[in-house]
Every structure is written in structure tokens, then in C-alpha cells.
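What follows is a short report on a single structure.
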Amino acid sequence: MDNKIVTPWKNHGSYNIPAAHDNPGYEMDTNSYSASHNGNGNSERRKSSSVSAAVRIQHASKSYGSGPKVLNDLNMTIEKGTIYSLLGSSGCGKTTLLSCIVGIRNLNSGEIFVFGGKPGSRESGIPGKRVGYMPQDLALYNDFSINESMQYFAALYDMSGRDLRESRDFLIKFLDLPDADRRIGTLSGGQKRRVSLALSLIHSPELLILDEPTVGVDPLLRENIWNHLLSLVATKNTTVIITTHYTEEARPSNKIGLMRGGRLITESSPQELLDKHETNSLEDIVLKLCRNDDMNMNTPNFQDRGSSIRSSLKSVSNMFDYRKSSSIASIQDQPSSPYESTTSFQRIKALVAKNYVVMTRNIILLLFMMIVPATQVLVICLAIGNDPKPMWMGVVNHEMNHTACPPVSLMDRVTKEGCDVENLSCKFLAEIPSDTIYLRDYATDELARDAVKAGKVWGFFSFPEKFSDNVYERAAGANTIENETLQGSYVNVEMDYSNKQIASAIKKEVYDAFEIFLKDMLVNCGFYKELAESPIRYLDPVYGTDDTDFKEFIAPGVLLAMVFFFPLCSSGVSYIWDKKQGTLERSMVAGVQSWEVMASFFVTEGIVLVIQCIFSFSIIIYLFNIEILGSTSLAIGITFMMGLGGVSMGFLIASFCDEEIEAVMIAIASFFPNIILSGIIWPTEGMPIVMQYITYLLPCKLASESIRSIVSRGWEFTHIGVWPGFATTAAWIALYWLLTLLIHRYRFSKR
């Protein structure tokens, strides 16, 4: 007898097996299959006495929230080395059942055993490389090529390079896939489904779970797929669970299960169903069973009968469990020893490689991520902290009869010697920096005041008549001068104080200019210049300089805030996108755990963070000439840790958000209180005392004080003003991780 399948549908005992494609590469040896499937429809019963169950489900019930039951007291046994076709209309619970089998959803009640252990246990090895899972959705990375997708899952399954190449070459030929370097995003819908199927077959798993793998596949390729599944069962003892809407294609299955309303209304071999219902059409049988089920559902007391039956079944099951009879042991799968799966290091390594490919696929976005914190620091330092200029001030000079000072007066302070006390108003105005304050002359105080009200100037100087004489007499006469002379020595200034920053800057410039002017006059007239100084003497500063500008205060803190915010957004959005695509769930079926995904992002985002830190500190040091007095390594270290804190908070936000826009809005909502209340823009000492204590609960508070102390004070790590920033940042990272894992566990328990 010829051992090759050459007819469209060849009967082997009680199973109609689809023929192989005419291509010799798709022909398969059926000796082993026929040997185990001969007879007159009783093969399952004979097999159950010698073959343990791959999957065993007992009284499975599942509902989402307060909704109706998706699985309703379902019992099912799938033996090793068989094909089990799960039929049923959309919404009957097939996909939910499969997700519970692979361990990505939990039952509300009941039990599932896979290879003798519960999903998630080491005994079952599932999730992990023992299972190949093709979800109903595509769950593919569109930016990956076919080859890169296979490499990623092969790495998760710890396949050797040789095994990967052999499996890849076979699957590309077998499933008629395009060139391996083609991007998945450029493929048609049918081609994408075939790639998804290939990823579930890549590592030749013991358990193959396929959720509608033949949708959108042409009949010839569908036939070849079934031939391959039969070959896997016959040659490798693979267990296959497959769902399909094409009822007739389930004929080669060892067993068919028909689900309806979360219940299994029939479970039998195809031939037994055909013989029992005396028809040659599985489609007709399914329609008949569904109609009968509808009639039963509408029959009075159906629920009572169902409850009675379920109660009886549970009693019998409990009795059998108690007695532990040998007859049950022959069918029930025995617990196996712990299954050695891939290590966390191997999975993290695969995830890191995957993240790298995802990032580098969009170079523009990657470059944007690398330079955007540095760009934000650049923009903020250019916009904030510099002295405002130009600032217009009016001048009403009664001493000069309301005329402008002659240009020669500007040279008198340099060329004239001796005690020259003429036109002191002009000499004072000459000391005001012309690049900061622009002067405009007015004839009267009323005109200058109207100019202030019109917004043309920020204020004006009003010099009285005989200003020069009165100033000299005030300096020379001390306490003997008259009050009229004293009042005549004042320069009256009227200001617009609506803008505090500009008003303060003008007052500082005017005060400094007047001090220089007065010292020069006193020295030229034989007095001590110290008479012009305040009796409070400021010596050389302990830290910083007397002319330290505001941007030196805000730059280190702003850098921390930016490095915290952007990784927060990128990690959160990436994680949610992975969830929405279904790729994260598919990776978890392959054995990936939540903390491994987070660790892989730490590695890839960490590389980006290093580059962000280099760019940002280069701008601070070389462009703005801000000197780091302490250890540059410490400054970069606290910045890097703050970036990792942002990545960790992104995980936390993504753990309870299902849409990218939700994560971004929460990130923005948390960013502004963090940057405003942490003392980055303004000292916290300016806040109410209660709020000052609240700010210590913010992640950037102590870290910003630490980096500012390192940069401006040169403090070392052991200083009390430095190490708490490192300690609290590490504590925040640990807290983010802990909360994320707890939320993942909670949400998983509710799935």
C-alpha cells in the first residue's frame, strides 16, 4: 500500500484525512497516523485508556464583571496527540476558553490542567515554549520584517540558529509567504494571518492552539495547513486545539466540541456524529444541534434541570476524586515533574532586541526622543533667567531745563579732573547701562506719567532743579544741611510695578548705577568712597558668585524634570501600544512576565537616557557656561536615575490605562505639579509652610536639591544635601515597580 496521501479526502478508519498537495514537499507519511487511527470509530475510547490528557477542564465558569457567563460549567478533555476542533458561533466563549488554557485569563470557578499542571505552574510549562498560540487577532509588529518576527519568538523559545533557519525556510515555503525581509505592515490581511500562524509553528510546540487560523486562506492552502497539522500529530505527538467557522474542515479532527452560550453541547468524533445523525454533512449536524439547544433553552424548567444535572455531575466528580479510582487515573493526566522553560535572562535579551528594532524603525522619532530633553533645557534657559532687555525709562530733567544731556557730559567723567559737581544728573544717567535701559526725554512729569500709563515706558526719573548743588551740599554738609537742600538731592522715580521681574531688574540697575556715580563724585571731591556704600558689607560668597543669574538656579532642576517626563510618556505609550496590538499578550503566552518587559525597557530606555544626559549636560556646560563645581559623574548619575524613575512611572500609568491618550494626559497632569512644587522654578521657601512639607512627597523635590548642590556648591555624595536625593529616587523607582506588579496581578485576577 502506498504510504503517501494522494487523494483529495482519503479515509483512514473513521477519519477523513485531507490529501496532501501535489507538491512532493507537502506529502507526508501516514503509517504512524493510520496505525493509531484505525477501527470503526472507537479509536478515542481505545486511546483514552493509554494516552493521558493534554488539557483537562472541569466545571469551568467565567464572566466579565457583572455580565453574563461566557463559560458556563464547562467540562472538556483533550488527549495528547490529537486534533480537537472547537466549533461555535462568535461570542460563544471559544476565544475566552483558549486564553484561559494558555494562562492569560483566569476562571471564576473550576479548574484547568495542562500537561498535568495548572497554567502558570512549572509543572505545566505554560505559558512558555511548550505551547504555540495563534490568537484571533493578528498580534504582529507591523514594523518588523517576517524574518525579524520569527527571530524574536525563536529567541523567546531559545531556539538555535540552525533550528530557526530550517523552520523559517520550511514555513515560508509551506505557507506561501513573501520574502523574509518584507515588512509585515506591507502585507495583505491574508498574508499577515499566515505569518501569525507561522509564529505559532516556529518552535514545533507540544500544544498548538490556533484561533481561526484558516480565515481568509484559499482552499488549497487550507488543505495544506490541515495536512501539516495531521503530520505533526502523527510524527511528533503534537496536541492541536483549533477553532474554525468552516464546519466541514473539521472532519480530520479526532474530536469535535460544539460550544453554545458558554456550554459544550456536544463532544464527539466526526464519524460518530455522522453515524449518529445519519448524514454526510457536519454543517447540518451543527445546525440541528443548535436548533435543539434553542428549543431546550426555551423549555420550562430548563434551568432547574440544568442545575440538577450539574449538581449530580459535581457529586459524582467529588466521589470519584475522593475514591481516586484506578479507572480515572488511566484517563486523567498525571502530574509531571517541573518543566524547564527558558530563563528570564534569555527572555529579557529577546525583549531588548525587540525593543531595539521597534525604536530604530523610526529614526526620526528616535532622534527626537534623544534630543528633546536637551532642546527643552536649551529653550527654557534661553527664555528664563536672563536679565530683561531693553527696558524703556523716561527722563524729566528740570536741572537741564527739560533738555537732553549734551554728549560731552558723558565724557566729563573720564576727561575732567578735580571736584566737578556740574550736571550731576547727566553724569548719573551716563552710568546707567545703555544696553539694558533705554532713556527717553520728556518735558514734564505729566507727559512722562502719561507715557507710563500708555505702556510706552516702565517709569521715569524726575531730577529737581539745582540737583547737582544739593547733592554736593548733602555729601559735604552732613547733618548741617537744610531740609530743602536734602529734598532737592533726591531723584524721584515713578514706576509701573505690574511686572515685578522688570521692575526689580530696573531698580537693581539704577541702584548699581547710582552707587558707581556717587563713589566717583566722592573720590573726585576728596571724600572716602565708602561713604556711598551701605553699612552692611557683603564679603566674597561661600558658594556661587554675586552676579549669579536665575538660569543657573533653574537649569539643573529643569533638566531633571525633562528627563523624568519624556521617558515617562515614551515608556507608557509603548507599553499600552504593545497591549492594544495584542503583541504583549502573545509574548506572555510565550512565557514573558511583566517584570521582564519592564526590565527590557530599562535597558533600551537607559541607552536613550545616556544620550539624553550627554546632550543636555553639553548644552548646560558649553553653551551656557554653567560650571559644575562638584562631581560631573554624580550629576549625571542622579539625572540618569530620575530618567529611570520616569520610565518606571510610565509602567505604573500604563498598568491601569488602556489608551495612549489617557496615559499622556495623566503624565501631563503630574508633570506641572512636579516641576512647580518641587522648587525647580521657584524656591519652596516661598510656599505656605504646610505645602513645603507636602513637596517632599514629590519625586523631583530632593533630587533637584541634590543636583543643584552638586552643580553649584560642589558637595559630595556623603553630604546630607546630596545622598537623600539618590535614596528617594531609588525608593520611588522601587515603589513604582511594586505598584505596577501589584496592579498587573490584580487586573490579571479579574481577567
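The values are calculated or read from the model by the stated rules, or taken from the named source; none is laboratory data. Keep in mind that what you see is a predicted model, and the values were worked out from it rather than measured. Neighbour counts run over all protein chains shown; Cβ positions are idealised from the backbone, glycine included. With ligands, DNA and RNA removed, areas are computed over all heavy atoms of the protein, side chains included. Shrake-Rupley method; radii C 1.70, N 1.55, O 1.52, S 1.80 Å.
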### Query
In whole Hz, what ³J(HN,Hα) sequence does region 579-594 give by Karplus (6.51, -1.76, 1.60; θ = phi - 60°), x for Gly and Pro?
5, 5, 6, x, 6, 5, 4, 5, 5, 5, 5, 6, x, 5, 10, 4
## Note on the structure
Karplus-derived 3J(HN,Hα) from phi for region 559-569 (6.51 cos²θ - 1.76 cosθ + 1.60, θ = phi - 60°), whole Hz, x at Gly and Pro, runs 4, 4, 4, 5, 5, 7, 6, 5, x, 4, 5
### Task
Please work out how much accessible surface Ile536 shows to a 1.4 Å probe, ignoring ligands, DNA and RNA, in Å² rounded to 10.
110
### Task
Let me know the shape class of region 191-261, please: from the alpha-carbon gyration tensor, a ≥ b ≥ c as square roots of the eigenvalues, rounded when a/c is under 1.5, otherwise prolate if a/b is greater than b/c, or oblate.
rounded
## Note on the structure
Taking only protein heavy atoms and a 1.4 Å probe, the highest-to-lowest accessible-area order of Asp578, Asp540, Asp176 is Asp540, Asp176, Asp578
### Message
Amide H of Arg263 versus every other amide H placed in the peptide plane: which residues, excluding those fewer than 5 positions away on the same chain, fall under 5 Å?
### Response
Asn72
### Message
How big is the dipole moment of region 470-607 about its Cα centre under a simple scheme where the beta carbon of each Lys and Arg is +1, that of each Asp and Glu is -1, and everything else is neutral? Debye, nearest 20, please.
### Response
720
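Listed highest first by mean packing, meaning other Cβ atoms within 10 Å per residue, what order do 523-530, 270-277, 589-596 come in?
In descending order of packing, they fall as 589-596, 270-277, 523-530.
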### Query
Counting only residues 5 or more places away or on other chains, whose amide H sits under 5 Å from the amide H of Met391 once H atoms are built in the peptide plane?
Ile437, Tyr438
### Task
Take the alpha carbon atoms of region 654-717, find their center, do the same for region 461-537, and report the distance between the two centers in whole angstrom.
44
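Cβ neighbours within 10 Å, averaged per peptide: list 375-387, 230-242 in order, most packed at the top.
So the peptides 375-387, 230-242, ranked by packing, come out 230-242, 375-387.
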#### Entry: Packing-based order for 642-649, 468-475, using average beta carbon neighbours within 10 Å, highest first
642-649, 468-475
### Query
Quick one: ranking Val542, Val690 by accessible area, 1.4 Å probe, largest first, what do you get?
Val542, Val690
### Query
For the charge dipole of region 391-532, defined by +1 on Lys and Arg C-beta atoms and -1 on Asp and Glu C-beta atoms about the Cα centroid, which residue among Ala430, Pro406, Phe463 has the Cα displaced farthest towards the positive pole?
Ala430
### Task
Using only protein heavy atoms and a 1.4 Å probe, report how much of Phe345 is accessible, in Å² to the nearest 10.
150
### Task
Return the subset of Lys192/Lys255; Lys580/Lys750; Lys192/Lys579 for which the Cα-Cα distance in this structure is over 21 Å, preserving the input order.
Lys192/Lys255
### Query
Using the Kirkwood radius built from alpha carbon pairs, what does the Stokes-Einstein equation give as D for region 391-532 at 10 °C and 1.306 mPa s, in µm² per second?
101
### Query
In the full protein assembly as shown, how much of Phe553 is accessible to a 1.4 Å probe, in Å² to the nearest 10?
50
### Task
Let me know the charge dipole size of region 391-532 about its Cα centre in debye, to the nearest 20, where only the beta-carbon of Lys, Arg (+1) and Asp, Glu (-1) is charged.
440
## Note on the structure
Env charge @ Ile184, Cβ radius under 10 Å, K,R +1 / D,E -1, value +1
### Query
What ³J(HN,Hα) values, in whole Hz, does the Karplus curve 6.51 cos²θ - 1.76 cosθ + 1.60 give for region 261-276 when θ = phi - 60°, with x put for Gly and Pro?
x, x, 10, 9, 8, 7, 8, 6, 6, x, 5, 4, 5, 5, 5, 5
### Message
Just to make sure I understand: if all protein chains stay in place, what is the order of His245, His228 by accessible area at 1.4 Å, largest first?
### Response
His245, His228
### Task
Could you please report the charge total around Gln151, scoring K, R as +1 and D, E as -1 over all other residues with beta-carbon less than 13 angstrom from its beta-carbon?
0
### Task
Return the long-range amide H neighbours of Asp441 (sequence gap of 5 or more, or a different chain), with a cut-off of under 5 Å between placed amide H atoms.
Val395
